[in-house]
Structures are given as structure tokens and as C-alpha cells.
1. Could you count how many residues in segment 136-153 are in contact with a strand residue (DSSP E or B) (Cβ under 6 Å, 6 or more places away or on another chain) and not in a helix (DSSP H, G or I)?
2. So if I check each of 77, 65, which one is more than 30 Å from residue 303 (Cβ to Cβ) and assigned to a helix (DSSP H, G or I)?
3. Where in segment 1-58 are there strands (runs of 3 or more DSSP E), lying fully within it, with 3 or more residues that are surrounded by fewer than 21 Cβ atoms within 10 Å (Cβ to Cβ)?
4. Inside segment 105-125, can you point out the residues that are assigned to a loop (DSSP other than H, G, I, E, B) and either more than 13 Å from residue 158 (Cβ to Cβ) or in the same structural domain as residue 157 (by TED's automatic domain parsing) (or both)?
5. Step by step: first the residues of segment 261-312, then only those that are out of contact with any helix residue (DSSP H, G or I) (no Cβ under 8 Å at 6 or more places or on another chain) and within 19 Å of residue 211 (Cβ to Cβ), then the one that is modelled with the highest pLDDT. Which residue is that?
6. Within the set of pairs 6 or more residues apart or between chains, which connect a residue that is touching a residue at least 24 places away in the same chain (Cβ under 8 Å) inside segment 293-305 to a residue that is surrounded by 14 or more Cβ atoms within 10 Å (Cβ to Cβ) and part of a loop (DSSP other than H, G, I, E, B) with Cβ atoms less than 6 Å apart?
7. Can you tell me how many residues in segment 152-172 are within 14 Å of the chain's Cα centre (by Cα) and on the phi < 0 side of the Ramachandran plot?
8. Residue 247 versus (1) modelled with pLDDT under 95; (2) out of contact with any helix residue (DSSP H, G or I) (no Cβ under 7 Å at 6 or more places or on another chain); (3) surrounded by 15 or more Cβ atoms within 10 Å (Cβ to Cβ): which is the lone unmet condition?
């Protein structure tokens, strides 16, 4: 198996119960080296429980999970050095300074004093926090605390990152720094990432695979493009014209299911853009209509997500 095809994160029929409550039911996931999986779902859907099982914090009731080929239950100690975990509510030692906090965790991860110093300075600079290295954490804002927790997660340069709401409480500028850092890890260093988030723009921007979980079960998964095709139907195309169509618009309506906005552009649903569009353009040319643009209307991951989570129970859940 090539490095590109190596499976770094694998879960098979993970199941977790707390008494009579089923928190996660038969969840199976695979993330290749360098892959980014976004795990989406409403509050209480089972995202955090799934991540805690993947990280070895929780023992599955049944099923199994592996990180880099190591079982998360029987090889938990070995896995800790290869995984960075950011929990939903990261615990911080508020009386320590940022430098003391990161130096302590660097020693826990087994980094030498020189490596700890170099890594914490590099990461604090990358996240624009080098000026607060010697401030106590009880003086930090929520967003600053979240960034520091993420720096702690990345400190030992892990192969796998399990991140629960990494940009919560952050302002847009800080969130952008986090996105840039994670994309660099993903693209340049081929780190594998599981990202739990309610930020659907963030998920669509970063993830190459999406899994939507509802009531402990995965109810939809695939790439963003695959999910849009599966759940939103035919592509919506937009044609813009150089001049008003006037009488030609009614003839166009007879050919296609269109929605018009004024008389300089229309939208229509295409069964096959590659097959339908050339004849349309040929017909418009025959009508001496000048086309300015022909393009597919962007559809968001939010539309997919709402389509899935708002389905009545029993329909895809």
C-alpha cells in the first residue's frame, strides 16, 4: 500500500452506551493519510463521544478503532505520542503562564528542552501570540485560550489530529489563522484530521470527506460534491445574456424548466450539464442571443446538512 493510500484512522462499528442510552451506534469511518474528515451533526448527536473513542479516552462498548494501525484500547499509550486531541472543553492551568503551560505539556510528550522551546516559540508566533508567552492564562480571552489549547495539541507534531470545535469562541482573524495552520498540516505535511464542527463553511473549506451523524448513527457521507449530487438533485445552471430576451424568453421557457429574474438571466435545472448545455447554446445562437456566462450555481454544504438533519425520523436516520 502506498503512503497516499495508507489508512491512518479506522473505526469499525463503534458502539457506545451509557446505561440504557445509546450514544453512538455502529459508526464506521476511514481516513487516509493526509485526509480531512468533517464530522457534522446536531448537539448530542454523538460526535464528541466518537472522537473520545477514537482517541482512547472512552472505551467502546463494542466495535474497534485503530490509529496508524494501532488499536486505540490495547495500544493507547503508544498512540498518545502520535495523536493530538483537542476536546470540546479544553482544561487549562489558569495560574500558569503560556510558556509554563506549553513547556509542561512538551515534557509530557517527551520533547527535549531545546525542542520544546523551539516548537512553542514557532507555534505561538504562527498563531500571533508570541507577545503573551509570559502572561498567565487567567488573563486570556476565550478565543486566546482556545488557540493555546490548539497549540498544545500541535506541540509534538502528531500524525493525527482529533479536533472538537477548534475555532469556537474565536474572532474571524483568529479562525483564519487556525484554518491556514490546519490546511498547511493537511496539504504540506499530510497529517490526518478529524474535525467536529458546527461551522459548515469551515467544514466545506477544509474537508475532503463529510460524515453527518444523527442520534448516534452516520446518516450521510461522501465528499462535499458527492453529497450535493445525492441530496440536492440536478445541478442548477445560470445563463446571463448581454441584452434583454424579450420575446425569446417565452420560447426558452418552453424548452426548459426555468426561473427568470428580469429578462437578462435565467436559471434552470439540468439533467446533464455536459449534454444539455451545448444544444442550448446552439439554439440561443440561432436566435441571435448573446450569452455572457453559463455556469453552475454554487450550492452550499448547509443545504445538504439541513436536508439531512431535518428529515423526519425513519427517513435516512
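The values are calculated or read from the model by the stated rules, or taken from the named source; none is laboratory data. The shown structure was predicted, so the numbers you read here are calculated from the model rather than taken from an experiment. As a convention, Cβ positions derive from the backbone with ideal geometry for all residues, glycine included, and neighbour counts pool all protein chains shown.
1. So the answer is 1.
2. 77
3. Counting at least 3 such residues, we get 7-18, 21-32.
4. Hit for segment 105-125 is 112, nothing else.
5. The qualifying residue modelled with the highest pLDDT is 306.
6. 296/235
7. Of the residues in segment 152-172, 7 are within 14 Å of the chain's Cα centre (by Cα) and on the phi < 0 side of the Ramachandran plot.
8. So residue 247 meets the others, but not (3).
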